[in-house]
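Participant: To start, I am sharing the structure in question, which I have written as structure tokens.
The values are calculated or read from the model by the stated rules, or taken from the named source; none is laboratory data. Please read these numbers as outputs of a predicted model, since none were measured by experiment. Because the Cβ atoms are built from the backbone with ideal geometry, glycine has one as well, and the counts that use them run over all protein chains shown.
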Amino acid sequence: MMPLRVLFVRVGEEIRGPYHLEQLRQLAEVEVLTPRTLASESAAGPWTPLSTMAENPTLFPPRPELNFKPTNFVSLNEKSAPLPDAREVIAFAHSAPLPASAREIVVAKKSEAPNEVLAMVREVEHQQAQFAPPPPPPPKWRPSRRLQLCVVLAVAGNATLAAIAVGYGALHDELSMMILSAWAVLYNGGVAVLFVTLPRE
């Protein structure tokens, strides 16, 4: 009985083997070996591609071609109808009256007792409403500190200017009245600027 033929193969720069035919076939199945892989009966060579050796048909058998099974398609619609316009469908739904049978179904659904699921949902909603905390009271309006400060400054400043005008008798002097009026305008303008520039609270 003749010994089985064994081969060495070169994978990259590495020499592997010796392998017998079954081992070579397994390596070819996982694509470690290709028809261009160099092989030799000796580790020293000479090296030839596996595609030129007698083992090539066994190592790389032709793979069956996979094709789709032919199917005869039958056209169900000879002529496809044009797609309806969504706006026309919505307009027709709004304009078309509800059929009498549909109205009877709606009235019957409202009058009949709820099913188990709907009854459970209503029971849970009722219990949640019982144990839910009361809603918080609406917040009471209170003026901000910025507004309070500016109002106090405006009242105090204008009262001071009025006291000065009365104390010095400036009400009968046109020049003094003009000066006090200018001071009042400047003072109230400063208070307004302060009201705008202060941060809100």
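Participant: Of the conditions (1) touching a Leu at 6+ places or on another chain (Cβ under 7 Å); (2) modelled with pLDDT of 75 or more, Val151 clears all except one; give me its number.
Facilitator: In the conditions (1) touching a Leu at 6+ places or on another chain (Cβ under 7 Å); (2) modelled with pLDDT of 75 or more, Val151 misses (1) alone.
Participant: Pick from region 54-64 the residues that are free of Cβ contacts under 8 Å to residues at least 40 places away in the same chain and surrounded by 13 or more Cβ atoms within 10 Å (Cβ to Cβ): which of them is farthest from Val6 (Cα to Cα)?
Facilitator: Phe60
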